[in-house]
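The values are calculated or read from the model by the stated rules, or taken from the named source; none is laboratory data. What you see is a predicted model, and the numbers here were worked out from it, not measured in a lab. Here the Cβ is made from the backbone with ideal geometry for all residues, glycine too, and neighbour counts use every protein chain on show.
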Amino acid sequence: MLLVNPKATTTNPRTRDVLIRALGAAVDLTVEETGYRGHAAALASTARARGYDAVAVLGGDGTVNEAVNGLLTAVDGGVTDASERPALIVIPGGSANVFARALGLPNDPVEATGAVLEALHEGRSRSVGLGRALWEDQSRYFTFCSGLGYDAEVVRAVEGLRGAGRKATPARYVNTALRHYLITDKRRPSMTVSGPGFTPAEGVFMAIVSNTSPWTYVGSHPVSPTPWASFETGLDLLGLRRMGLPAMTALIRQILTQSDGLPSGRNLVQLHDEPEFTISAERPVAFQLDGDYLGECESITFRATPDALQVLV
């Protein structure tokens with residue numbers, strides 16, 4: 001089953017038709033268009049229930065995230081067994097396509113389709129671990145990142161612009177992040193990071209949770225605040241204890257110029273390859289997951305889920 005987001009940022013009807021014909025020539029293909037938020041999850045769940053071998057997604061990271069959750073989460077809220085899940089195929093169609101690029105796929109949807117067809121022909125796949133966020137009575141998987149505080153506030157602001165009809169381009173994210181930082185109150189709620197095996201870290205004002213690296217892209221340039229994160233390890237975290245201009249400038253410089261070295265600074269909190277930890281705030285803070293704003297929360301537990309999916313790549 002191929003799930004197509006007709007509103008994907010970087011594709012058009014002609015490109016989508018070409019890709020559909022190419023995939024349809026190689027496999028027995030069913031095509032479904034997403035029509036509303038959460039539709040990709042419902043369609044992927046249907047594909048799983050009907051015994052499809054694979055679910056392909058032509059869209060951005062948000063559509064991919066929905067499909068992943070549809071593949072993993074049963075109707076009753078439980079988690080399906082790995083043997084019951086179709087394989088996942090990702091064809092980038094969004095503005096950032098972080099998950100697809102982290103898998104090593106080309107950012108161009110036509111080139112990525114060619115790579116996927118090769119993987120289909122050769123039966124080539126890889127096992128990918130995911131992250132899982134649990135809060136209140138809810139649970140959701142993420143493919144590459146989650147964030148609380150300023151990071152999620154920027155996602156919320158961009159979603160507001162998208163609702164007004166503007167595209168979520170990399171330049172818009174950068175401009176929104178800068179404008180939001182300059183005009184908003186820096187006195188955000190303080191958060192505490194706690195978990196088994198380490199001393200709780202208090203006084204955190206922004207937290208980035210990573211399932212892989214990079215965290216995002218600015219155009220073709222990767223941004224890597226947690227460069228050691230990978231699909232084969234547990235979860236990584238970068239937290240900031242100060243949001244002032246000197247601290248933010250130093251961090252941005254490091255994550256833009258260092259591809260494999262950890263950022264350094266006395267105001268940073270860092271975790272690597274953790275199976276589980278919890279972030280609690282003194283009052284509700286903004287929360288995003290794979291670039292999807294999910295509201296404000298006071299406490300979220302993050303868990304690594306090893307070997308959660310088979311991805312054809």
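For the range 162-207, filtered to residues that are small (Gly, Ala, Ser) and either surrounded by fewer than 11 Cβ atoms within 10 Å (Cβ to Cβ) or in a loop (DSSP other than H, G, I, E, B) (or both), the residue that is modelled with the highest pLDDT is Ser190.
Could you grab me the full set of residues in the range 290-313 that are closer than 21 Å to Ile91 by Cα and in contact with a Gly (Cβ under 8 Å, 6 or more places away or on another chain)?
Asp290, Gly291, Asp292, Asp307, Ala308, Val313
Restricting attention to the range 87-96, the residues being modelled with pLDDT of 95 or more and in contact with a Phe, Trp or Tyr (Cβ under 8 Å, 6 or more places away or on another chain) number 1.
Would you confirm, using the coordinates I've provided, whether Ala250 is surrounded by fewer than 18 Cβ atoms within 10 Å (Cβ to Cβ) and among the hydrophobic types (A, V, I, L, M, F, W, C)? The answer is yes for Ala250.
Go through the residues of the range 59-75 one by one and say whether even a single one is out of contact with any Phe, Trp or Tyr (no Cβ under 8 Å at 6 or more places or on another chain), over 19 Å from Phe144 (Cβ atoms) and not hydroxyl-bearing (Ser, Thr, Tyr).
yes
Looking at this structure, is Glu84 without any contact (Cβ under 8 Å) to a residue 60 or more places away in the chain and closer than 28 Å to Arg140 by Cα? Yes; evaluated as a whole, the condition is true for this residue.
Picking from residues in the range 1-34 that are free of Cβ contacts under 8 Å to residues at least 24 places away in the same chain and not in a loop (DSSP other than H, G, I, E, B), the one that is surrounded by the most Cβ atoms within 10 Å (Cβ to Cβ) is Ile20. Of the residues making up the range 226-250, those that are touching a Pro at 6+ places or on another chain (Cβ under 6 Å) and either at positive phi or free of Cβ contacts under 8 Å to residues at least 60 places away in the same chain (or both) number 1.
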